[in-house]
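For reference, the structure discussed in these notes is given below.
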Amino acid sequence: MTTTIGLVVNPAAGRDIRRLTGGASVSNNYAKRRTAGCVLAGLTLADDVDVLVMPDSTGLADRIVDDAPDELGVEFVDMTVTASGRDSRTAAAHFADHADAVVVLGGDGTTRDVAQTIGDVPVVSISTGTNNVVPTPVDGTVAGAAAALVGSGAVPAAEATTRHGTIEVNVARAEQTTVIRGLATVGVLDRPFVGTRAILDPSDIVGGVVSRSSPAEIGLSGIAGGLVTHRPDDPGGVGFRLALDGESGATAPTTVRAITVPGRLSTVDVAEHRVLDDGEDYAFEVDRGVVSVDGEREHEVRNGTVRLRPVSDGPRLVDVESVLERAASDGRFRLG
């Protein structure tokens, strides 16, 4: 029986301004090509594997396909390339019907785009972006091997994946309502326009909701993580508001130190925080501001209400280490 693995390599990941202004990691297209080549090598752990590759406008996917091992059947997804996040969503929608597992090379934004249309297909997410929370740095060969094991059924997906939470955003104004979806973090910023997409100054943050929080993470999830730990597969999320300059409330704010961007340890005053149930609203009245989604400014708001609510309907993310450990305990690496 043939195992089909989808491959998404985002050529635009890892290019935002944080790599120039701070200590964020850099992943150019040559590095992504090398990582993708390692993924394909790892996929040869399973027999009879076909790979569907998302095409792009830079030629990166062409080189990946040209260099693929002979043992694999590799072809492109038949789709129109737009050089935008729509490509990841289109490819993922195809994988939802035709793939047994998917490997994603990108950042939080790429993983979020894939998550919107991937359905229940297991996802191995490799960090090649900037300031990531969801995808983690992992050797491509190891990631490919894990995808092969899960996709082929050698390790059952039910035992190897966790369901990541998401955040639904409703921006209500007099004339219309806009719905946005975040994966790990959604913030409300005191900024007049989108401008530079990355969040660079923590003083811009009004508050937000995160589907996961840990002091080991960067950005909004790190701020919330200084107060409470919330695992990626825990139901619900954490909502918080920062204390504004000169604001005096019923209780004194809680001062938290957090890594807000790579290379920067910030001190912020949190006026309020609350662990939210699945589907519970956390609202902000915004005269003028910007909604950030997974670390990037996405949507300008004027005279509106921004309602954020955590929802436990995200992607099934593969725990790479546990997959390989399970395969080893089952003797799948033994030849004698």
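Just for the chain, what percent of DSSP beta bridges are antiparallel, to the closest 5? Intermediate values should be presented prior to the final figure.
Details: 55 of 76 bridges.
Given both bridge residues lie in the chain, the antiparallel proportion sits at roughly 70 percent.
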- Item | Degrees separating the helix 108-117 axis from the principal Cα axis of the chain, which is the longest one | 70
- Message: Relative contact order for the chain: what percent, with Cα pairs under 8 Å and sequence separation of 6 or more?
- Response: 19
- Task: Kindly express, to the nearest 10 degrees and within the range 0 to 90, the angle between helix 85-98's C-alpha long axis and the longest C-alpha principal axis of the chain.
- Result: 50
- Taking 0.36 nm per residue of separation between Ser203 and Ser266 and subtracting their Cα-Cα distance, the length gained on full extension comes to 21.7 nm
- Query: How far, in degrees from 0 to 90, does helix 140-151 lean away from the longest principal axis of the Cα atoms of the chain, to the nearest 10?
  - Reply: 80
- Task: Determine how large the accessible area of Ser203 is when every protein chain is in place; take a 1.4 Å probe and give Å² rounded to the nearest 10.
- Result: 90
- Query: For the chain, what does -39500 (n - 2.57) per DSSP helix run (n ≥ 4), summed and divided by total residues, give at 222 nm, in deg cm²/dmol to the nearest 500?
  - Reply: -7000 deg cm²/dmol
- Query: If R0 is 41 Å, what FRET efficiency do you get for Ala216 and Thr58 from their C-beta distance, rounded to 0.05?
  - Reply: 0.80
- Task: Using only alpha carbon pairs under 8 Å that are at least six residues apart, calculate the relative contact order of region 165-314 and give it in whole percent.
- Result: 32
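For region 165-314, just run the numbers: alpha carbon Rg, then divide by 2.2 N^0.38 Å, N being how many residues it has. Spell out each step's value before the answer.
Details: Rg = 14.0 Å, N = 150, 2.2 N^0.38 = 14.8 Å.
Compactness ratio reported: 0.95.
Quick one: order Glu272, Glu168 from most to least accessible surface, probe 1.4 Å. Numbers along the way, then the final one.
On the way: Glu272 75, Glu168 30 Å².
The ordering from most to least exposed comes out as Glu272, Glu168.
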- Task: Report ³J(HN,Hα) in whole Hz for each residue of region 310-323, in order, from the Karplus equation J = 6.51 cos²θ - 1.76 cosθ + 1.60 where θ = phi - 60°; Gly and Pro get x.
- Result: x, 9, 8, 9, x, x, 8, 8, 7, 8, 4, 4, 5, 4
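The values are calculated or read from the model by the stated rules, or taken from the named source; none is laboratory data. Bear in mind the structure is a predicted one, so any value in this text is a computation, not a measurement. FYI the Cβ positions are ideal-geometry reconstructions off the backbone, even for glycines, and counts take in every protein chain you see. Protein only, heavy atoms only, side chains kept; ligands, DNA and RNA dropped before computing areas. Shrake-Rupley method; radii C 1.70, N 1.55, O 1.52, S 1.80 Å.
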